[in-house]
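Novice: Have a look at the structure that comes next, please.
No lab work stands behind these numbers, since they all come straight from the coordinates. Please read these numbers as outputs of a predicted model, since none were measured by experiment. Cβ placement follows ideal geometry from the backbone for every residue including glycine, while neighbour counts extend to all protein chains displayed.
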Amino acid sequence: MLVPTLCLFLSAALAADAGSKTPHLDHIEAGLRSLAPKAEGTLWKRTEGNAIQNRNNSWLLQTPDCFGNVDPNKNCAQHNAPGALALAATIQADIASATSWVDIATLATFNPKAIATGIFHQAIVQGIKLARAKHPNITIRILGGTPPTRDLGMAAKYLALLLKDLGSAADGARILVAGVESSEAYSWNHAKIVAVDGVSAIVGGNNLWEEAYNSNHPINDVSMRLEGPAAESAHSMADLLWQFTCANVHTINVELVRSSGIGASECPSTFSGASSNVRGTTSVLAMGELGFGMHSLDGVSGAPAPANDAQACCSTSHTDYLNNDAQYSVDNPELEGLRLLAESAQSSLFIAQQDVLFPCMNLLSSAFVNSHYDARFFNIIADKLLAAVPVTMVLSTPKDDGNSDGYSIMHNLQEVSDVVLRKVKERGHLDDKAAQAIVCKHFKLASVRIGDNMPKWADGFAIGQHAKIIAVDDAAFYLGSKNLYPTQLQDFGFVVEEPNAAAALKRDFLDKLWHYSQQAASINVDAGVCKLSRQSMGELYL
């Protein structure tokens with residue numbers, strides 16, 4: 001078996017840097033500086049001195065936070081999800097602490113009147129009331145990404161709802177609400193940010209929709225909270241979104257409305273709060289991406305070579321931007337950052353995602369998202385397996401196993417193992433049998449479960465997952481809004497390398513996720529099961 005040269009080179013590079021306390025961040029930072037040096041400080045930035053913490057010392061905000069509950073349908077569903085309530089309370093407390101500036105960025109709901117709904121909307125309302133009671137002149141920017149299926153007039157309707165619920169607390173308030181689509185039918189904001197005063201930031205996978213997280217079938221998801229200079233990076237990502245908003249306010253792509261305290265032509269596009277004085281100990285690398293339609297921040301001299309994987313392209317009539325376009329790679333450094341993080345794994349790689357493939361169904365969908373998968377990321381997975389690095393992947397329940405309320409676009413797990421198996425064969429120059437043996441031994445693949453013998457909620461919906469986590473070596477992890485299945489959206493997340501935070505993520509989420517999800521595994525060496533594609537390989541059991 002031939003281990004790819006890249007793996008050997010990387011192992012040597014990390015070994016040479018063994019004296020560093022942050023070898024994974026160092027690897028990502030060097031790669032991003034080569035890829036997009038001019039975007040440093042705006043679209044990506046490393047900061048020191050952060051504190052990974054929540055107000056109750058639990059920085060990890062997971063929903064529904066019900067792993068192993070004896071009766072999830074009673075204790076975690078029916079508007080009683082403890083994680084959703086904790087997330088809403090944390091959002092409220094952070095907004096309430098504002099002295100000068102609040103940024104909220106999220107994906108708009110299917111409800112045409114709302115950017116946030118239910119307990120999350122109420123958290124925003126109560127937080128603003130409490131903040132303005134002490135600091136009436138705070139600036140509050142609320143931005144919702146609006147895919148083309150969303151109703152026009154959403155921003156105006158949400159501001160009207162917000163002002164109504166604020167009552168007298170809205171008098172003179174400086175509130176802007178925007179609905180933004182950076183490239184019609186192609187790209188919109190998907191980042192999830194609640195950042196306050198450059199001091200704190202909540203970032204992750206959670207949208208502000210009670211329907212998703214505090215319903216009869218709450219979705220498995222994760223966000224995180226930190227304090228420190230990385231919070232300013234969240235504001236910087238919001239600035240990029242607002243710079244586009246303010247420059248395109250009179251176009252079909254942007255709807256902008258203002259409360260009475262904002263001038264008719266005023267559009268604050270740059271965060272102006274004070275710098276954080278938090279003194280923590282954690283290194284954090286913030287990464288974002290521009291999707292389509294926004295102003296490029298850097299040239300293409302550092303762009304990677306095209307992946308040139310014909311099977312990764314949905315249609316020959318459309319450009320595979322994700323895998324082959326230089327400018328797209330540079331404009332979306334978060335993509336490369338995730339690859340670099342996975343590439344840095346030496347002992348383990350854990351991926352928790354909704355999906356990792358986009359189905360290429362027809363000409364319309366291939367024009368909308370014209371890549372089937374991230375070929376470079378799957379190359380790295382194959383390289384890790386060839387180097388005997390265990391890779392674990394937990395995804396949302398695929399369509400063939402149940403309706404997860406839209407939280408999966410894949411039909412079955414074998415779609416994933418098909419790609420992994422082919423990549424292992426190609427990159428290791430192996431025959432079918434040798435490639436199968438490697439995949440079955442070192443790759444674990446399952447759909448999400450949160451309790452014993454619980455494939456569905458009581459209302460019939462399958463368990464859904466919306467988390468976006470990549471963790472390596474029990475030492476570093478990404479937590480943000482970026483899906484690994486191809487999208488062309490604006491996204492944002494943090495890479496953290498700190499022993500206590502990594503241990504907490506493993507203990508409180510990843511270990512529990514695999515403990516229950518292995519019941520739905522298609523590949524799991526510990527259980528002696530390896531169900532490969534029925535179409536190409538049949539089922540192989542160890």
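Novice: So for the chain, taking the charge dipole from beta-carbon charges (+1 Lys/Arg, -1 Asp/Glu), which of L290, L256, V102 sits furthest toward the positive end?
Specialist: Farthest towards the positive pole: V102.
Novice: Sticking with this structure for a sec: Note down the net charge around C313, summing +1 for each Lys or Arg and -1 for each Asp or Glu among other residues with Cβ under 14 Å from its Cβ. Let's see the in-between values first.
Specialist: Details: positive: R376; negative: D309, D320, D325, D374.
Result for the local shell: -3.
Novice: Let me ask something additional. Can you work out the base-10 log of I(q)/I(0) for the chain at q = 0.08 1/Å, using the Debye formula on its C-alpha atoms alone?
Specialist: Values, matching the q order: -0.48.
Novice: For segment 488-517 and segment 311-346, write down the distance between their C-alpha centroids in whole Å.
Specialist: After rounding, the separation between the Cα centres reads 22 Å.
Novice: Round to the nearest 0.05 the FRET efficiency obtained for S183 and A326 when R0 = 25 Å and r is the Cβ-Cβ distance.
Specialist: 0.90
Novice: For the residue pair S34 and F110, what label-to-label distance in nm results when each label sits 7 Å from Cα along the Cα-to-beta-carbon direction?
Specialist: It is 4.4 nm.
Novice: Something else now. Taking 0.36 nm per intervening residue step and subtracting the Cα-Cα distance, what contour gain separates T251 from D474 on full extension?
Specialist: Numbers: separation 223, 0.36 × 223 = 80.28 nm, distance 4.65 nm.
The T251-D474 span can extend by a further 75.6 nm.
Novice: If we sort 419-431, 489-501 on the protection proxy, mean other Cβ atoms within 10 Å, highest first, what's the order?
Specialist: Top of the packing list down: 489-501, 419-431.
Novice: For Q311 and D526, FRET efficiency with R0 = 25 Å and r from the beta-carbon atoms, rounded to 0.05?
Specialist: 0.25
Novice: A further question on this structure: For A434 paired with K456, estimate the spin-label separation in nm (one decimal), with each label point 7 Å from Cα along the Cα-to-Cβ line.
Specialist: It is 4.5 nm.
Novice: At R0 = 22 Å, how high is the FRET efficiency between S275 and S58 if r is their beta carbon distance? Nearest 0.05 is fine. Mind showing how you got there, number by number?
Specialist: On the way: r = 26 Å, r/R0 = 1.18.
Using R0 = 22 Å, I get an efficiency of 0.25.
Novice: Please report Y373, Y407 as a ranked list, fewest other C-beta atoms within 10 angstrom at the top and most at the bottom.
Specialist: Taking fewest neighbouring Cβ atoms as first place, the list is Y407, Y373.
Novice: A further question on this structure: Once both labels are modelled 7 Å past Cα along the beta-carbon direction, what's the T319-V70 spacing in nm?
Specialist: Here the modelled spin labels are 5.9 nm apart.
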